[in-house]
Amino acid sequence: MAPAQVRVRVPAKVNAQLAVGAARPDGFHDLANVFLAVGLYDEITVTHADELRVTCSGPDAGEVPLDTTNLAARAALALAERHGIEPRVHIHIAKDIPVAGGMAGGSADGAGALLACDTLWSLGSSRDELLAICAELGSDVPFSLIGGAALGTGRGERLTPLGVGGEFHWVFAVADGGLSTPTVFREFDRLAEDTDVPLPVADPALLEALRTGDTVALAGALANDLQPAALALRPSLADTLAAGTAAGALAALVSGSGPTTAFLAKDPASAARIAETLLASGTCRTARVATAPAPGATVVPQDSTT
Ligand code: C5P
């Protein structure tokens, strides 16, 4: 029997490595993007409705667009169009992932809504069909669907799943306001002007650290080529990075295009201390602890309250 309502849980991501190449003729950048899904989740609930409608709840709900610029709405439209059906659905986003923070919250909602609508409409699309729609929606959306860890090449949408041999403990410092991804990439281009930008390649030491679950080795290999651009646009992030490092983080970096900053901790107790210190430092709006890897978009069983 077709369900009356479907709920999907979908994780945030951090980039363990974000190697960025020169701008391509289409304006995108080739990447070597090592995605790691982390245990901060948005929940997407879809129900039948007279027409497409998006609502959002959560502390930052006011910053989330509810029109067809929202990737969740675009996912429903793309799936409906592909199957020649009307997108008569109410999409509710319970938002816990920082908005415009470099943690792929918008992409998560796109992937979550796609899986939720496919289930609600009993379409039974294959994973490859869903991944193809995800890639049309945005560079980070396919990873939100699969979760875990993966190397993204091309503009980040071509994924190779990676093995992860342990659990990693992260702290995320959420800044006031967002940073626009295109603006950060444009700043990257400006900073790279008149330089030879090398081809982006995944760092073998980083992949090995993930594979073996070696936190110290991972800390030594974390890298984000967008960090100088994010810091140029938001110099105060340097204070946040310094506060987390002083609190005992093994490594500190900007998450994706920022302005969320990410800190790798040696264990859960250290992560809790770093989060407390970051909050008290006044250099961020809030600090969140999360473990990685986390599973990708997952339908929550109907009778589950978690
Ligand atoms: O793919 P997505 O819509 O998420 O990308 C948002 C913007 O980020 C793009 O319009 C582009 O400016 C920039 N981008 C890029 N290279 C990538 C991914 C994103 O320049 N590989």
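The values are calculated or read from the model by the stated rules, or taken from the named source; none is laboratory data. Everything numeric in this text was worked out from a predicted model, so none of it was measured. Don't worry about glycine lacking a Cβ; one is built from the backbone with ideal geometry, like all the others, and counts go over all protein chains shown. Surface accessibility is based on the protein's heavy atoms, side chains included, excluding ligands, DNA and RNA. Shrake-Rupley method; radii C 1.70, N 1.55, O 1.52, S 1.80 Å.
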Every residue from region 163-194 that is more than 24 Å from PRO59 (Cα to Cα), in contact (Cβ under 8 Å) with a residue 60 or more places away in the chain and among the acidic types (Asp, Glu): GLU167, ASP189
The listed residue being within 14 Å of the ligand (Cβ to nearest atom) and free of Cβ contacts under 8 Å to residues at least 60 places away in the same chain, out of THR55, THR69: THR69
Among the candidates ASP67, ASP30, ASP128, residue that is open to solvent by 50 Å² or more (accessible area, probe 1.4 Å) and in contact with a Pro (Cβ under 7 Å, 6 or more places away or on another chain): ASP30
Inter-residue pairs, beta-carbon under 6 Å, first among the β-branched types (Val, Ile, Thr) and in region 148-162, second not in a strand (DSSP E or B), 6+ apart: none
Odd one out for GLY84 among (1) out of contact with any helix residue (DSSP H, G or I) (no Cβ under 9 Å at 6 or more places or on another chain); (2) within 16 Å of the ligand (Cβ to nearest atom); (3) of a type outside the set (Asp, Glu): (2)
Residue identified as in a helix (DSSP H, G or I), within 16 Å of the ligand (Cβ to nearest atom) and assigned by TED's automatic domain parsing to the domain that holds ASP176 among ALA238, ALA243, ALA229: ALA229
Selected residue [in a helix (DSSP H, G or I), surrounded by 23 or more Cβ atoms within 10 Å (Cβ to Cβ) and hydrophobic (A, V, I, L, M, F, W, C)] from ALA37, ALA76: ALA76
Residue that is farthest from VAL164 (Cα to Cα), among those in region 24-39 that are out of contact with any Lys or Arg (no Cβ under 6 Å at 6 or more places or on another chain) and away from the ligand (no atom under 16 Å from the Cβ): GLY39
